[in-house]
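Asker: This structure is in structure tokens; I'll ask about it shortly.
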């Protein structure tokens with residue numbers, strides 16, 4: 001299945017005062033480009049033999065003056081895998097901000113005959129991120145087969161009140177033989193600019209469009225006499241996606257465009273102006289109100305320390321209904337609710353709801369009212385961006401956190417993420433660049449680097465091994481810090497039944513396939529300051545294997561969790577984990593009558609800058625005790641470190657694969 005995200009949105013303008021601009025036709029003609037005999041005859045990609053498919057031609061044309069863009073793809077299928085993967089297409093778009101039309105598609109059989117696509121096209125909701133709903137237009141090619149050419153094109157449009165700056169993503173997963181890109185910016189006259197971050201309006205005269213290229217070999221876009229920007233490339237290698245990598249769009253060959261004010265003179269000038277604008281908006285929202293001051297005074301009354309006072313303020317801010325993460329409402333539900341716009345921190349307090357940024361600003365307002373020096377910082381979110389200061393795009397700083405001085409030390413808080421524990425940041429906001437706002441434009445900062453102990457999983461088991469080698473007993477889990485936050489966030493819109501099933505499925509994935517698991521109880525879903533706990537009844541047939549009078553008992557109960565990670569010998573991309581983490585296991589196995597420990601594997605104790613791995617098995621008479629600790633200390637590594645990281649996890653796999661040996665003895669003759 002092929003997902004298409006034509007570009008990244010940059011919502012830049014509203015309330016346009018447009019001047020007359022001559023319209024250009026859409027980039028693609030109604031007629032298809034001719035198919036060549038060479039294209040029909042292709043059996044494989046000569047530049048990358050063994051490929052499932054390749055892109056013969058691709059075109060993307062953006063027209064921000066007339067508010068549309070057109071796309072054209074021609075794909076050659078070489079294998080059955082290629083047919084299965086690319087015969088279904090999903091075109092991604094955002095609800096209420098853009099729409100897709102003029103979808104045309106056709107299949108060219110290997111003999112050159114053509115089968116036109118006649119529908120249907122389906123609309124599907126793909127996912128919701130924060131307050132934005134992402135949808136797809138989905139369709140399937142008719143009579144696609146190995147050797148055929150799949151060709152389609154479509155138009156994407158956006159409203160007149162929106163400026164949209166393209167992001168040319170040059171690389172696709174497939175090798176591309178030839179590609180063409182075109183951009184017609186809106187540069188005519190003047191207009192009022194309304195950033196999506198506020199309702200503030202700035203009068204802009206004679207804007208400029210700039211770009212930053214991430215292309216090899218000095219290749220760069222060309223500009224014609226009408227300020228249209230174009231680029232033509234050939235033989236573009238496919239982009240290999242891998243597990244545990246930074247956002248793919250931040251690593252691919254690409255060209256990033258942005259509109260800026262005509263009088264911006266430097267990179268520092270740009271960020272200083274953005275910071276001042278942000279600060280003005282934030283300070284106006286925070287304000288100073290008697291209601292916030294009364295609330296803060298009431299909350300901190302009786303607290304015996306600065307930390308205790310701040311915890312109360314933080315908890316109060318998190319009580320606000322967070323609209324950014326709320327379940328999507330139907331149009332009818334939204335009309336019935338009639339939520340008022342929050343224009344201040346006082347409004348958030350009174351109305352009891354707000355976006356994630358408004359919740360953050362309420363916390364800053366409460367902290368200031370209680371006497372704490374506090375500021376707002378705009379931060380990059382590494383699930384979507386790798387911040388680059390020279391890229392003049394304010395959307396790189398898409399997140400917001402609070403910075404509060406406590407007893408001379410600046411601490412970071414994330415009240416805008418539901419159920420984020422006091423003193424932690426959501427993983428995507430940790431260890432990233434940001435801009436702490438002030439009246440002079442702000443200071444660039446880096447948020448605290450996450451630590452392993454802030455994402456801990458504790459696993460305790462009391463189990464009995466029977467004469468058939470089966471384990472039965474109780475497994476207890478406790479998820480702390482970011483481990484709990486991650487699971488609470490993923491299950492925020494689910495009921496108890498769905499949460500139970502999700503947790504059972506996750507833990508089953510850690511265990512051997514024969515495991516039977518029943519969740520008996522769970523707690524902590526709604527309390528950010530407590531661990532998320534779960535208790536299971538476990539039965540695992542065939543855990544110990546018999547060899548005559550001996551049993552072989554695996555050293556680890558959870559071998560599957562790391563079995564597949566970092567197995568390949570080569571790595572193409574950098575490595576990014578969500579956060580460093582720590583797993584601790586305390587496993588007690590009661591031995592069957594007539595069995596005793598004959599030998600135990602040597603203790604494991606491996607410590608490096610990458611991680612720590614400890615494993616100890618102890619003989620306690622009729623009981624085998626297993627203590628295991630796995631700690632991964634970092635979250636981001638260049639691919640040059642891959643061999644070291646792979647070596648560390650290979651050592652973990654080897655240690656977990658060790659076995660204790662039990663022997664059968666007459667009852668009463670245990671040593």
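The values are calculated or read from the model by the stated rules, or taken from the named source; none is laboratory data. None of the values given here were measured: they were computed from a predicted structure. Cβ atoms come from the backbone with ideal geometry, glycine included; neighbour counts cover every protein chain shown.
Asker: Any chance the stretch 194-207 includes a residue that's on the phi > 0 side of the Ramachandran plot, in a loop (DSSP other than H, G, I, E, B) and either at pLDDT below 85 or in contact with a helix residue (DSSP H, G or I) (Cβ under 9 Å, 6 or more places away or on another chain) (or both)?
Answerer: yes
Asker: What single numbered condition from (1) free of Cβ contacts under 8 Å to residues at least 60 places away in the same chain; (2) closer than 27 Å to residue 486 by Cα; (3) assigned to a helix (DSSP H, G or I) fails to hold for residue 652?
Answerer: Exception for residue 652: condition (1).
Asker: Filter the stretch 389-407 for residues that are modelled with pLDDT under 95, within 25 Å of residue 261 (Cα to Cα) and in contact with a helix residue (DSSP H, G or I) (Cβ under 7 Å, 6 or more places away or on another chain) and give the result.
Answerer: Hits for the stretch 389-407 are 389, 390, 392, 394.
Asker: Can you tell which of 484, 478, 498 is in a helix (DSSP H, G or I) and farther than 23 Å from residue 514 by Cα?
Answerer: One residue alone meets the criteria, 484.
Asker: Could you look through the stretch 431-443, keep only residues that are free of Cβ contacts under 8 Å to residues at least 60 places away in the same chain and closer than 11 Å to residue 379 by Cβ, and pick out the one that is surrounded by the fewest Cβ atoms within 10 Å (Cβ to Cβ)?
Answerer: Out of the qualifying residues, it is 433.
Asker: So which of 503, 463 is in the same structural domain as residue 630 (by TED's automatic domain parsing) and touching a residue at least 40 places away in the same chain (Cβ under 8 Å)?
Answerer: Criteria check complete, one pass: 463.
Asker: Across the stretch 501-530, what is the number of residues that are assigned to a loop (DSSP other than H, G, I, E, B), closer than 21 Å to residue 461 by Cβ and modelled with pLDDT of 95 or more?
Answerer: Number of matching residues: 1.
Asker: Another question about this same structure. All but one of (1) assigned to a helix (DSSP H, G or I); (2) surrounded by 20 or more Cβ atoms within 10 Å (Cβ to Cβ) hold for residue 311, so report the exception by its number.
Answerer: (2)
Asker: Need at least 3 residues that are modelled with pLDDT of 95 or more and surrounded by 14 or more Cβ atoms within 10 Å (Cβ to Cβ) per element, so show me which strands (runs of 3 or more DSSP E) inside the stretch 62-165 make the cut, counting only ones lying wholly within it.
Answerer: 68-77, 99-108, 149-157
Asker: Within the stretch 634-646, is there a residue that is in contact with a strand residue (DSSP E or B) (Cβ under 6 Å, 6 or more places away or on another chain), assigned by TED's automatic domain parsing to the domain that holds residue 553, in a strand (DSSP E or B) and within 30 Å of residue 473 (Cα to Cα)?
Answerer: Within the stretch 634-646, not a single residue is in contact with a strand residue (DSSP E or B) (Cβ under 6 Å, 6 or more places away or on another chain), assigned by TED's automatic domain parsing to the domain that holds residue 553, in a strand (DSSP E or B) and within 30 Å of residue 473 (Cα to Cα).
Asker: Condition test on residue 450, is it buried (at least 20 other Cβ atoms within 10 Å of the Cβ), touching a helix residue (DSSP H, G or I) at 6+ places or on another chain (Cβ under 6 Å), at negative phi and not in a strand (DSSP E or B)?
Answerer: No, not satisfied.
Asker: Confirm whether residue 217 is more than 23 Å from residue 387 (Cβ to Cβ), modelled with pLDDT of 95 or more and either touching a strand residue (DSSP E or B) at 6+ places or on another chain (Cβ under 6 Å) or not assigned by TED's automatic domain parsing to the domain that holds residue 635 (or both).
Answerer: No: the conditions fail for residue 217.
Asker: Given the criterion assigned by TED's automatic domain parsing to the domain that holds residue 435, at negative phi and free of Cβ contacts under 8 Å to residues at least 60 places away in the same chain, identify the matching residue among 401, 376.
Answerer: Among 401, 376, only 401 is assigned by TED's automatic domain parsing to the domain that holds residue 435, at negative phi and free of Cβ contacts under 8 Å to residues at least 60 places away in the same chain.
Asker: Now for a different question. Return the residues of the stretch 470-500 that are closer than 16 Å to residue 458 by Cα and under 20 Å from the mean Cα position of the chain (by Cα); say none if nothing qualifies.
Answerer: Within the stretch 470-500, 481, 482, 483, 484, 485, 486, 487 qualify.
Asker: I've got another one for you. Taking the stretch 107-161 on its own, how many of its residues are within 28 Å of residue 61 (Cβ to Cβ) and touching a residue at least 40 places away in the same chain (Cβ under 8 Å)?
Answerer: Total meeting the criteria: 27.
Asker: Still on this structure: Going by the structure shown, is residue 579 in contact with a helix residue (DSSP H, G or I) (Cβ under 9 Å, 6 or more places away or on another chain), over 13 Å from residue 651 (Cα atoms), crowded, with 18+ Cβ neighbours inside 10 Å and modelled with pLDDT of 95 or more?
Answerer: For residue 579, the condition - in contact with a helix residue (DSSP H, G or I) (Cβ under 9 Å, 6 or more places away or on another chain), over 13 Å from residue 651 (Cα atoms), crowded, with 18+ Cβ neighbours inside 10 Å and modelled with pLDDT of 95 or more - is met.
Asker: Still on this model: Scanning the stretch 225-239 for residues that are modelled with pLDDT under 90 and over 16 Å from residue 166 (Cα atoms), which turns out nearest to the chain's Cα centre (by Cα)?
Answerer: Selected residue: 226.
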